[in-house]
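Presented below is the structure to which this report refers.
The values are calculated or read from the model by the stated rules, or taken from the named source; none is laboratory data. Just so we're clear, the structure is a prediction, and the values are computed from it rather than from any experiment. Positions of Cβ are backbone-derived with ideal geometry, glycine not excepted, and every protein chain shown enters the neighbour counts.
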């Protein structure tokens, strides 16, 4: 199995702004009205839950650019090489999580990124591709997505300049 085969079988398309390839595999037909949602959400109806397939490769431009969401996001590792998930917390701390199948080496097959945390990811150097899935409840919408500014992250997390440079697109 290779990345092109996975892309073809799953019908993956480029994910605007963030990068990588994706396909929404589930979108609940049950809808939450804006009155049911916390104030951190845009005033719009949302599906109760959504899920996607997400593929990154070892190509230089294949990465998930740093972004934040108002909802916890559950990551699920499916196939391929380990994925580095980089997290920048509001309190200035940072963390790197490895998603993969090797549980005895501390890799995770599932991981929850808390809402409001800057997140970005890439295939572990030396790998070819990573196929993951993510699930969100309430479900994802484009209005939730906030793409990071490289300069703002540099100011807030000066100790993480190298990974910020790698996982942001030009301002």
**OP:** Pick out the one residue from 114, 125 that is over 13 Å from the mean Cα position of the chain (by Cα) and more than 16 Å from residue 15 (Cβ to Cβ).
**Re:** 125
**OP:** Count, please, the residues in the range 103-124 that happen to be in contact (Cβ under 8 Å) with a residue 12 or more places away in the chain and part of a loop (DSSP other than H, G, I, E, B).
**Re:** 7
Subject >> Tabulated pairs, the range 77-101, first touching a residue at least 40 places away in the same chain (Cβ under 8 Å), second part of a strand (DSSP E or B) and loosely packed, with under 13 Cβ neighbours inside 10 Å, C-beta under 8 angstrom, 6+ apart or interchain >> reply: 77/110; 84/96; 86/95; 86/96
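Yes or no, residue by residue, for (1) within 19 Å of residue 135 (Cβ to Cβ); (2) at pLDDT below 95; (3) in a loop (DSSP other than H, G, I, E, B):
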position	(1), (2), (3)
35	no, yes, no
38	yes, yes, yes
44	no, yes, yes
52	yes, no, no
62	no, no, yes
65	no, no, no
74	yes, no, no
79	yes, no, no
87	yes, no, no
Original post:
Filter the range 134-171 for residues that are touching a residue at least 24 places away in the same chain (Cβ under 8 Å), in a helix (DSSP H, G or I) and out of contact with any helix residue (DSSP H, G or I) (no Cβ under 6 Å at 6 or more places or on another chain); which is surrounded by the fewest Cβ atoms within 10 Å (Cβ to Cβ)?
Top reply: 159
**OP:** Could you please tell me which pairs satisfy a Cβ distance under 6 Å, a separation of 6+ or placement on different chains, a first residue in the range 27-45 that is in contact (Cβ under 8 Å) with a residue 40 or more places away in the chain, and a second residue that is loosely packed, with under 12 Cβ neighbours inside 10 Å and in a loop (DSSP other than H, G, I, E, B)?
**Re:** none
**OP:** With respect to residue 131, determine if the residue is closer than 17 Å to residue 20 by Cβ and in a strand (DSSP E or B).
**Re:** yes
**OP:** Among the residues of the range 8-21, write down those that are in contact with a helix residue (DSSP H, G or I) (Cβ under 9 Å, 6 or more places away or on another chain) and touching a residue at least 24 places away in the same chain (Cβ under 8 Å).
**Re:** 12, 17, 21
Subject >> Hits in the range 9-33 - residues which are in a loop (DSSP other than H, G, I, E, B), surrounded by fewer than 16 Cβ atoms within 10 Å (Cβ to Cβ) and under 19 Å from the mean Cα position of the chain (by Cα) >> reply: 11, 16, 17
Subject >> Filter result (touching a helix residue (DSSP H, G or I) at 6+ places or on another chain (Cβ under 8 Å) and surrounded by fewer than 16 Cβ atoms within 10 Å (Cβ to Cβ)) within the range 116-133 >> reply: 128
